[in-house]
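The structure appears right after this line, and notes come after that.
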C-alpha cells in the first residue's frame, strides 16, 4: 500500500495520502497511541462533502470521544467498513487496515499547507501531550 513517510499530516494528527486526485485519510500512529483503545468510529457516508479543518468523523476510545478533522476538502467516495466493524484496526494498523475513508480532493492546493513526514516528526517533539 503506502508508508507513513509518504503521507501528509495535520497538527490535529490526521494523515492523508493522495494519488491521482483520490485521497485516503486516517489518524496517525501517534494519535492512536494517545487515544489508546479505540472502541467505536463514526465515519462520513459516501457522497458527503468534507471541509478541511472541520470535524467529519468521531473516534471513541475507552478514555473519551474525539473529533476527526478533514485533512483536505472533498467528496467522500468510500468508508472503511472493516474499521467500523472492528475499530481496533486503527490501533493495530493506522496506515494500512485502519484507514478511515477515501475522498476525491476538491482543492489540491490545500495539501501544500500540510506537513510532510519529517516536519510532522519535528512537530511531535513540541506538541503538547493530550
Highest mean first, what order results for 38-50, 9-21 on Cβ atoms within 10 Å?
9-21, 38-50
Rounded D (µm²/s) - the range 54-130, Kirkwood Rh over Cα pairs, Stokes-Einstein at 20 °C, 1.002 mPa s
150
For the chain: relative contact order, % (alpha-carbon pairs under 8 angstrom, 6 or more apart):
30
Computed from the beta carbon distance with a Förster radius of 25 Å, FRET efficiency for residue 85 and residue 117 to the nearest 0.05 stands at 0.25
State whether the range 1-57 is rounded, prolate or oblate according to the following rule on the C-alpha gyration tensor (a ≥ b ≥ c being the square roots of its eigenvalues): a/c under 1.5 gives rounded; otherwise a/b larger than b/c gives prolate, and the remaining case gives oblate.
oblate
Suppose we look only past 24 Å in the calculated P(r) of the chain. What percent of the Cα-Cα pairs does that tail hold?
19
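Each reported figure results from applying straightforward, stated rules to the coordinates on display, with no laboratory input. A quick note: this is a predicted structure, and the numbers were derived from the prediction, not measured. As a convention, Cβ positions derive from the backbone with ideal geometry for all residues, glycine included, and neighbour counts pool all protein chains shown.
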